[in-house]
Amino acid sequence: MDIAIIGSGYVGLVSGACLSEFGHNVVCMDTDASKINKLNSGISTIYEPGLDELIKKNLAAGRLKFTTDYKSAVTVSSVVFIAVGTPPGDDGSADLRFIESAAASIAEHINEYKVIVNKSTVPVGTGARVRKIITSVLQQRDDSFSFDVVSNPEFLREGAAVKDFMHPDRIIIGSESSVASSIMEEIYRVLYINNHPFVFTNIETAELIKYASNAFLSVKISFINEISRLCEMVGADVQQVSHGMGLDNRISKYFLHAGPGYGGSCFPKDTVALSKIGDEFGVEMSIVRSAIQANDSQKKHISLKLKKVLGNPADKIVAVLGLSFKPDTDDVRESPAISIVNDLVSMGASVRVYDPIAMDNARLYGLQGKHIIYCNDEYHAANGCDALMLITEWNQFRSLDVPRVAHNMRGNIFFDCRNVYSRTSWERYGFIYIGVGR
Ligand code: NAD
């Protein structure tokens with residue numbers, strides 16, 4: 001199958017590389033020429049385990065190509081995926097500018113029947129909007145090529161994106177055309193024969209499944225974070241509460257880890273966008289709204305907890321380990337670490353930061369200033385600091401040499417925002433250990 005992917009970011013690039021690995025001929029297109037140049041030389045533009053190898057292998061095999069040119073991508077392809085960003089607009093609802101622009105550009109180059117697949121996370125009704133835009137451009141061109149629009153939302157998790165794409169829990173296909181549905185089945189044939197579940201729905205249902213899934217997971221995280229705050233007040237341990245809850249199959253152990261609040265490029269924007277969709281259709285999304293509020297207050301709670309034990313943060317030095325929103329990714333969008341560092345700086349502290357992969361992105365994201373010092377490693381970050389915070393649980397932070405950290409620091413506060421360590425493993429070296437909900 002000849003496939004074009006419009007938008008070669010986290011989702012587009014992973015999807016393109018994996019689909020070429022399935023044996024399809026894939027052209028990944030992006031308007032960002034610097035990204036495409038880098039990709040054409042076989043270098044991944046994002047950090048994602050396993051992705052580099054897939055890109056190099058399929059580029060060499062001639063199954064994967066990269067371009068900035070819509071025409072060459074669209075004309076040769078029978079299926080065109082849209083994987084551009086859908087960032088929050090001013091009021092929090094999804095900004096569809098990039099989707100609309102991509103749909104119009106695709107329509108300029110339709111030269112035969114095509115399936116246009118929305119992989120971006122989009123509000124209900126976007127499939128219909130894409131159809132309308134393409135129809136209108138074709139009319140202006142005085143052409144009447146037929147096409148179908150399909151919704152195929154993506155559920156990959158950054159940090160495990162290649163694995164998730166190759167072994168998905170489910171493939172959702174929203175389609176009103178049996179021809180388009182069988183083409184989608186053919187694209188994912190490898191997964192179909194391996195018995196990965198396929199769910200065929202109408203377009204609106206597929207669009208909503210994505211938002212409902214992300215919102216539900218966000219609710220779960222906010223729920224356990226609220227419970228963790230109650231644990232702190234009543235002397236319970238949230239790790240054990242989560243364990244005890246998660247053993248119930250109806251609840252499951254996943255997404256029950258208390259921490260500094262959810263972040264990333266999806267949950268924060270998708271929860272707000274879903275509540276806006278509710279507003280538009282007159283349905284109060286009260287649970288989702290509460291999850292958003294609880295998440296905001298969890299982030300504040302973390303900074304306040306540190307302030308309580310640190311005293312006045314002015315003139316204090318805090319080391320922060322981990323800047324990406326989760327381990328194994330370079331993505332810092334809406335990372336709790338970024339908002340905590342900014343909070344600390346606004347309270348007058350100096351912050352020494354270290355992340356194994358995400359420091360360049362953090363700088364680009366605006367985490368800069370004379371009170372933010374980028375360090376060479378975790379022990380360098382600890383040098384002369386009053387408190388050390390572990391915010392993103394990269395593997396290399398899971399077995400810190402505590403005596404070495406103690407030797408480098410001038411203070412003795414360790415804030416384990418991910419509950420990675422036992423209290424005693426730090427207290428035995430004279431540290432004040434702070435966890436979340438324990
Ligand atoms: P991203 O910002 O990493 O990538 C988007 C890419 O689209 C960028 O490279 C940009 O240059 C390109 N682009 C923008 N307008 C374009 C246009 N008109 N033509 C061609 N290229 C254009 O975004 P992402 O994280 O990959 O997310 C893409 C979509 O997938 C979003 O809707 C997101 O919500 C959804 N999604 C993301 C994830 C994730 O983990 N990142 C997971 C599932 C779904």
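Tabulated values for the structure
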{"item": "With Cα atoms, 0 to 90° folded angle of helix 126-140 axis to the chain main axis", "result": "40 degrees"}
{"item": "Sorted peptide list for 309-315, 382-388, criterion being average Cβ within 10 angstrom, highest first", "result": "382-388, 309-315"}
{"item": "Tilt relative to the chain, helix 336-346 - C-alpha long axis, 0 to 90 degrees, to 10", "result": "50 degrees"}
{"item": "Neighbour net charge for Ala362 - beta-carbon separation under 12 angstrom, K R +1, D E -1", "result": "-2"}
{"item": "12 Å beta-carbon shell around Lys38, net charge (K/R +1, D/E -1)", "result": "-2"}
{"item": "Pairwise label distance in nanometres, Ser182 with Ser78, each label 7 Å out on the Cα-Cβ vector", "result": "1.1 nm"}
{"item": "Three-way shape call for the range 137-282 based on the alpha-carbon gyration tensor, with the a/c threshold at 1.5", "result": "prolate"}
{"item": "Cα centroid separation - the range 249-315 against the range 391-414, whole Å", "result": "27 Å"}
{"item": "Computed label-point distance, nm, for sites Ser422 and Lys71 using a 7 Å Cα→Cβ extension", "result": "6.8 nm"}
{"item": "Of Lys132/Lys276; Lys38/Lys299; Lys210/Lys253; Lys71/Lys276; Lys220/Lys307, those spanning more than 25 Å from alpha-carbon to alpha-carbon", "result": "Lys38/Lys299; Lys71/Lys276; Lys220/Lys307"}
{"item": "Potential lengthening between Asn111 and Ile432 on full extension [0.36 nm per residue; Cα-Cα distance subtracted]", "result": "108.8 nm"}
{"item": "Global geometry of the range 1-76, whether rounded, prolate or oblate, following the gyration tensor of its Cα atoms and the 1.5 cut on a/c", "result": "oblate"}
{"item": "Helix-only CD estimate at 222 nm, as mean residue ellipticity for the chain, using -39500 (n - 2.57) per DSSP H run (n ≥ 4)", "result": "-13500 deg cm²/dmol"}
{"item": "Portion, in percent, of the accessible area of the chain that falls on carbon or sulfur, probe 1.4 Å", "result": "52 percent"}
{"item": "Cα centroid separation, the range 138-156 to the range 19-47 (Å)", "result": "22 Å"}
{"item": "Charge dipole magnitude, Cβ of K and R +1, D and E -1 - the range 2-201, Cα centre, debye nearest 20", "result": "280 debye"}
{"item": "Ordering of 268-275, 279-286, 119-126 by burial proxy (mean other Cβ atoms within 10 Å per residue, highest first)", "result": "268-275, 119-126, 279-286"}
{"item": "FRET E, pair Asn37, Ala236, Förster distance 41 Å, beta-carbon r, rounded to 0.05", "result": "0.15"}
{"item": "Cα gyration tensor, the range 2-201 - rounded (a/c under 1.5), prolate or oblate", "result": "rounded"}
{"item": "Probe 1.4 Å, accessible area per residue of the chain, Å²", "result": "43 Å²"}
{"item": "Proximal charge balance of Ser335 [Cβ under 10 Å; K/R count +1, D/E count -1]", "result": "-1"}
{"item": "Anchor Lys305: lysines whose Cα lies under 22 Å away (excluding residues fewer than 8 positions away in-chain)", "result": "Lys316, Lys326"}
{"item": "Principal-axis tilt of helix 286-310 within the chain, Cα atoms, nearest 10 degrees", "result": "30 degrees"}
{"item": "q = 0.07, 0.10, 0.12 Å⁻¹, the chain: log10 I(q)/I(0) [Debye, one scatterer per Cα]", "result": "-0.39, -0.76, -1.03"}
{"item": "Trypsin sites (Lys or Arg not before Pro) restricted to DSSP loop in the range 319-373 with at most 15 other C-beta within 10 Å", "result": "Lys370"}
{"item": "Anchor Lys370: aspartates and glutamates whose Cα lies under 14 Å away (excluding residues fewer than 8 positions away in-chain)", "result": "Asp315"}
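The values are calculated or read from the model by the stated rules, or taken from the named source; none is laboratory data. The shown structure was predicted, so the numbers you read here are calculated from the model rather than taken from an experiment. Cβ atoms come from the backbone with ideal geometry, glycine included; neighbour counts cover every protein chain shown. We work out accessible area using only protein heavy atoms, side chains counted, and drop any ligands, DNA or RNA first. Shrake-Rupley method; radii C 1.70, N 1.55, O 1.52, S 1.80 Å.
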